[in-house]
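Colleague: Have a look at this one before I ask anything.
The values are calculated or read from the model by the stated rules, or taken from the named source; none is laboratory data. The structure displayed is predicted, hence computed values, not measured ones. Every residue, glycine among them, receives a Cβ derived from its backbone with ideal geometry; neighbour counts consider all protein chains shown.
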Amino acid sequence: MNAIFIDCNAQLGAVWQRVIRPDDPEISVNTKPFEKNELPRVIGDHAIAIDDHSYMPTELVRQCRSLKHIVFLGTGAASYMTVPEIEALGVKVHTIRGYGNTAVAEHTIALMMACCRDLAGMDRNIRAGTWQPQEGVQVLDKTLGVIGYGGIGAEVARIAAGMGMQVIAWNRNPRPDAGVAMVALDELLQRSDVISLNLTLNDETRNFLDAERLARTKPGVILVNTSRGALVDEAALIGALRSGQIRHAGLDVFHNEPLKADHPLAQLPNVTLSAHAAFRTLEASMTLLRRAIDIVKRVQA
């Protein structure tokens, strides 16, 4: 079965050249940007498509008559395609876990610190000619609530504990071996000075933090989301930021990407943004692409 990497950008292209091996199967690499409705043309007669972060609507995948496998680069395929519908067409969707736990956790901590000290706001002010020091939040002895205690959540907890934070966590399934205090969700929302959202997105977790749950958080909480934008009710989040219920949000993920410059989240001063980059380190990208190639090899075998 022939394969194509449908959306290899320049950054990933350099990594691709580092991980590809002489004995790997031949995989076509498309480096030219394309509009969403051009997906069938790009995939053509290929049976396997590696997808970085391109949207794959079911109605367009249906037009890809030869396609049998999609290898999504990461865990969040549900943000870019309706997996059950696509698999009902006979197209298997493969995801890749655990390739960048440390990378995402470090980015989570970086966003947390940027929010606590309003680094992005001061940077904007200085560049605009305004010297205005901001009073920040010291994290020592503060409580970090980790929602979703998988590989990434555990890494976030490990780093935060090393910084002197008190870590509590909630997970959908019991984790008796967690090594941190596992608490009820309501308790976590009420106690946490900082909340790190590390859940997988699915039908059960979509809009997990809705208006009701956000209202139960400690006033002035800092919220960091490096998981998936759709885990949080966007309108409720904007309202909580405007009211001050959420002091500051550090967001790497959004309901629709790329985030438009005129979007309310891009206009609020108490939001620090990054471009879905938490997993993008050289080390993580090399692991990710290598695993994608290995999936192609297994499928072809």
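Colleague: Are any of the residues in region 89-111 touching an Asp or Glu at 6+ places or on another chain (Cβ under 9 Å), of a type in the set (S, T, N, Q) and closer than 30 Å to residue 299 by Cα?
Modeller: The answer is yes, given that some residue of region 89-111 is touching an Asp or Glu at 6+ places or on another chain (Cβ under 9 Å), of a type in the set (S, T, N, Q) and closer than 30 Å to residue 299 by Cα.
Colleague: In region 210-231, how many are in contact with a strand residue (DSSP E or B) (Cβ under 8 Å, 6 or more places away or on another chain) and within 15 Å of residue 259 (Cα to Cα)?
Modeller: Selection size over region 210-231: 3.
Colleague: Separate question: Exactly one of (1) modelled with pLDDT under 95; (2) touching a Ser or Thr at 6+ places or on another chain (Cβ under 9 Å) is unmet by residue 173. Its number?
Modeller: (2)
Colleague: Give the number of residues within region 194-239 that are more than 19 Å from residue 114 (Cβ to Cβ) and either out of contact with any Asp or Glu (no Cβ under 8 Å at 6 or more places or on another chain) or of a type in the set (S, T, N, Q) (or both).
Modeller: Summing the residues that are more than 19 Å from residue 114 (Cβ to Cβ) and either out of contact with any Asp or Glu (no Cβ under 8 Å at 6 or more places or on another chain) or of a type in the set (S, T, N, Q) (or both) in region 194-239 gives 22.
Colleague: Now for a separate question. Select, from 157, 169, 184, the only residue that is free of Cβ contacts under 8 Å to residues at least 24 places away in the same chain, closer than 30 Å to residue 95 by Cα and under 21 Å from the mean Cα position of the chain (by Cα).
Modeller: None of the others qualify; the one that does is 157.
Colleague: Picking from 53, 46, 69, 94, which residue would you name as being out of contact with any helix residue (DSSP H, G or I) (no Cβ under 9 Å at 6 or more places or on another chain) and of a type outside the set (A, V, I, L, M)?
Modeller: 46
Here's the yes/no breakdown for (1) over 22 Å from the mean Cα position of the chain (by Cα); (2) of a type in the set (Ser, Thr, Tyr); (3) surrounded by 15 or more Cβ atoms within 10 Å (Cβ to Cβ):
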| position | (1), (2), (3) |
| --- | --- |
| 6 | no, no, yes |
| 9 | no, no, no |
| 13 | no, no, no |
| 21 | yes, no, no |
| 34 | yes, no, no |
| 43 | yes, no, yes |
| 63 | yes, no, no |
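Colleague: Separate question: Could you say whether any residue in region 248-260 is assigned to a helix (DSSP H, G or I) and in contact (Cβ under 8 Å) with a residue 12 or more places away in the chain?
Modeller: The answer is no, given that none of the residues of region 248-260 is assigned to a helix (DSSP H, G or I) and in contact (Cβ under 8 Å) with a residue 12 or more places away in the chain.
Colleague: If you don't mind, another one. Going residue by residue through region 163-174, is there one that turns out to be within 21 Å of residue 228 (Cβ to Cβ), assigned to a helix (DSSP H, G or I) and assigned by TED's automatic domain parsing to the domain that holds residue 244?
Modeller: There is no residue in region 163-174 that is within 21 Å of residue 228 (Cβ to Cβ), assigned to a helix (DSSP H, G or I) and assigned by TED's automatic domain parsing to the domain that holds residue 244.
Colleague: Only one of 260, 218, 297 is in contact with a Pro (Cβ under 8 Å, 6 or more places away or on another chain) and not hydroxyl-bearing (Ser, Thr, Tyr). Can you tell me which?
Modeller: None of the others qualify; the one that does is 297.
Colleague: Count, please, the residues in region 79-102 that happen to be farther than 23 Å from residue 44 by Cα and among the aliphatic types (A, V, I, L, M).
Modeller: Residues meeting the conditions: 1.
Colleague: Now a separate question. Restricting the search to region 207-228, which residues are surrounded by fewer than 22 Cβ atoms within 10 Å (Cβ to Cβ), under 22 Å from the mean Cα position of the chain (by Cα) and part of a helix (DSSP H, G or I)?
Modeller: Matches in region 207-228: 211, 213.
Colleague: A further question on this structure: Tell me yes or no: at least one residue of region 252-271 is surrounded by 22 or more Cβ atoms within 10 Å (Cβ to Cβ), among the small types (Gly, Ala, Ser) and outside the structural domain of residue 81 (by TED's automatic domain parsing).
Modeller: no
Colleague: Something else about it: Just one of the numbered conditions (1) crowded, with 17+ Cβ neighbours inside 10 Å; (2) out of contact with any Ser or Thr (no Cβ under 8 Å at 6 or more places or on another chain); (3) within 30 Å of residue 58 (Cβ to Cβ) is not true of residue 152; which one?
Modeller: Among (1) crowded, with 17+ Cβ neighbours inside 10 Å; (2) out of contact with any Ser or Thr (no Cβ under 8 Å at 6 or more places or on another chain); (3) within 30 Å of residue 58 (Cβ to Cβ), the lone unmet condition for residue 152 is (2).
Colleague: Here are the criteria: (1) without any contact (Cβ under 8 Å) to a residue 40 or more places away in the chain; (2) part of a loop (DSSP other than H, G, I, E, B). Tell me which single one residue 85 does not satisfy.
Modeller: Here residue 85 clears every test but (2).
Colleague: May I pose another question? Quick test for you: out of 203, 186, 177, pick the one residue that is in a helix (DSSP H, G or I) and surrounded by fewer than 19 Cβ atoms within 10 Å (Cβ to Cβ). Talk me through it step by step, then tell me what you get.
Modeller: Numbers: 203 fails: in a helix (DSSP H, G or I); 177 fails: in a helix (DSSP H, G or I).
On inspection, the qualifying residue turns out to be 186.
Colleague: Which pairs have Cβ atoms under 8 Å, sit 6 or more apart or on different chains, and link a residue in region 198-218 that is not assigned by TED's automatic domain parsing to the domain that holds residue 229 to one that is charged (D, E, K, R) and modelled with pLDDT of 95 or more?
Modeller: Within 8 Å, no pair qualifies.
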